[in-house]
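The values are calculated or read from the model by the stated rules, or taken from the named source; none is laboratory data. Bear in mind that the values here come from a model prediction, so they are computed numbers and not experimental data. Counting neighbours? That spans all protein chains shown, and the Cβs are built from the backbone with ideal geometry, glycine included. These area figures cover heavy atoms from the full protein model, side chains too; ligands, DNA and RNA do not enter into them. Shrake-Rupley method; radii C 1.70, N 1.55, O 1.52, S 1.80 Å.
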Amino acid sequence: MTAASNQIKSTLWENKQEYPLTTETLKMLLEHRIPLIRLKEFATPEECEMLYAQSQLLNFNAYQDVSPKIEKVGITVFEYNSISKGDYFKEVERATKLRNSITAASFNPLERIMAKFRECGAKVRIASEPSYGSYYAGLIRKIEHGTQIHIDFAPLEQSGWEVCTITAQLSWTLYLKLSPNNHGKTCIYDRLWQPSDEQYKLDSYGYSDTVIADADAIAFQPYVGDVLLFNTTNFHYVEPMHGQRVAFTSMIGLLPNGEIIFWS
Ligand SMILES: O=C(O)CCC(=O)C(=O)O
Ligand SMILES: [Fe+2]
């Protein structure tokens, strides 16, 4: 380990622990000063079961070029990068109707999380593109075989979309169905992505574990009904589940004017 590579090791976390959602912890999470926020019992077991049951009536699609396999209901800007912005916005209406029909028959976690952010004084809305309209937000996602080490940051992935003007990115995930074991943890490193890490990129989204060498980490154990919020420009990965791991999720971005936008 050279002195130069030691220097890139960031240690921004003030404490390696979970926090509840407050105005202050939200600010700290956006600034990488805390590893994660857990919203305990965000939804009841009955609500989660109802939303999960709705999702079982639909077709999950696997992401292309993503290994291990991740499946979801709903559309993402990530997938339309190589297609086109026009095609993405053509699909938004259909995907939103489908999402609304399943949340109407169960409950609406997206509205609930946005309300919680408003209670923290945040100005929130769905991301929107001039001359195209609203983005889609709210995937139902199965990550059961784990993920590679990665980050999620729209400015790196998109160009010429509103979401590429954000200055910080979080994700929120509500766990709907988990097999009763202690697998499927989400591991988050106290190590921020930086441009020179692109040399360690392995494929469409994964990075070599060189990037997290020596970095401190926290493992989040998901429970049904809880929400995880973390800063997705910290390197992170999901452990394999050995069973079911179904969640409702979207991205969250901070705009330079202080507004917070949601999209998938
Ligand atoms: O499913 C999870 O726990 C988190 C998945 C993830 O990589 C993300 O939300 O960015
Ligand atoms: Fe991620």
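So the values come out like this:
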read-out: Per-residue ³J(HN,Hα) for the range 233-249, Karplus 6.51 cos²θ - 1.76 cosθ + 1.60, θ = phi - 60°, Hz, x for Gly and Pro; value: 8, 7, 4, 7, 7, 10, 6, x, 9, 6, x, 8, 8, 10, 9, 10, 8
read-out: HN-Hα J in Hz across the range 120-126 - Karplus 6.51, -1.76, 1.60, θ = phi - 60°, x for Gly and Pro; value: 8, x, 7, 9, 10, 6, 6
read-out: Label-point gap, in nm, between T23 and R118 - each point 7 angstrom along Cα→Cβ; value: 1.7 nm
read-out: Computed FRET value (nearest 0.05) for Y223 with S131, which takes r as the C-beta separation and R₀ as 30 Å; value: 0.10
read-out: Under 18 Å from K185, Cα to Cα: lysines that are on another chain or at least 8 residues apart; value: K16, K40, K69, K142, K177
read-out: Hits among aspartates and glutamates - C-alpha to C-alpha of K116 under 16 Å, sequence gap 8 or more where chains match; value: E24, E41, D226, E259
read-out: Principal axes of the range 185-232: Cα extent on each, largest first, Å; value: 38, 24, 15
read-out: Average accessible area per residue (Å²) across the range 3-263 - probe 1.4 Å, nucleic acids and ligands excluded; value: 44 Å²
read-out: Placed amide H near Y136: partners under 5 Å, 5+ positions off or other chain; value: S264
read-out: Peptide ranges 168-175, 238-245, 130-137 listed from the most packed, as the mean C-beta count within 10 angstrom indicates; value: 168-175, 238-245, 130-137
read-out: Accessible surface of the chain [probe 1.4 Å, protein heavy atoms]: carbon and sulfur percent; value: 50 percent
read-out: Student exercise, the chain dipole from Lys, Arg, Asp, Glu Cβ charges, in Debye to nearest 20; value: 420 debye
read-out: Cα-based Rg of the range 1-119 normalised by 2.2 N^0.38 Å, two decimals; value: 1.41
read-out: Descending Cα extents along the principal axes, the range 119-199, whole Å; value: 46, 35, 26
read-out: Ranked by how many other beta carbons lie within 10 Å on average, peptides 46-57, 84-95 from highest; value: 46-57, 84-95
read-out: Relative packing of 180-189, 141-150, which averages over residues the other C-beta atoms within 10 Å, highest first; value: 141-150, 180-189
read-out: Cα-Cα separations in the chain greater than 23 Å, expressed as whole percent; value: 51 percent
